[in-house]
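See structure below.
The values are calculated or read from the model by the stated rules, or taken from the named source; none is laboratory data. This is a predicted model, so every value here is computed, not measured. Neighbour counts are summed over all protein chains in view; Cβ atoms, including those assigned to glycine, are modelled from backbone coordinates with ideal geometry. Just so you know, the surface numbers come from the protein's heavy atoms only, side chains and all, with ligands and any DNA or RNA stripped out. Shrake-Rupley method; radii C 1.70, N 1.55, O 1.52, S 1.80 Å.
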Amino acid sequence: MAGSLLMSISQNERERAIFRSRRKFQTDMQSDLATAEDNGRVAGRAERSIEIARNALQMKMTVTDIIQLMGLTLEEIENLRREI
């Protein structure tokens, strides 16, 4: 009786450990995916801001206006100006 109870408890503990391990794996995968999506959005926005600033430079907007409009630094705008 005691032996079978001990086996039952041990089996349940193993099953809980397996469940927790699988659940942690799933949670980690979801977190990694969410982080990758967020990083992609940020990179896309940054690329779009640079593209708009490049177009603004070609339209002869002032550097000050571009800084205020896009939130880029003077150094970033100067690098874009050199590319054009």
- Item | Value of [θ]222 nm, deg cm²/dmol, for the chain, DSSP H segments ≥ 4, -39500 (n - 2.57) each, nearest 500 | -31500 deg cm²/dmol
- Message: With the alpha-carbon atoms as the only input, what is the per residue convex hull volume for the chain in Å³?
- Response: 105 Å³
- Task: Over the chain, with every protein chain in place, what whole percent of the accessible area is carbon and sulfur at 1.4 Å, could you tell me?
- Result: 57 percent
- Using unit Cβ charges (K, R positive; D, E negative) and no other charged atoms, how large, in debye to the nearest 20, is the dipole of the chain about its Cα centre? 380 debye
- When ligands, DNA and RNA are left out and all protein chains stay put, how many square angstrom of accessible area per residue does region 11-53 have with a 1.4 Å probe? 87 Å²
- Give the relative contact order (percent, whole number) for the chain; include only Cα pairs under 8 Å separated by 6+ residues. 21 percent
- Message: Assuming 0.36 nm per residue, please report the length gained on full extension of the stretch residue 38 to residue 67 beyond their Cα-Cα distance.
- Response: 8.0 nm
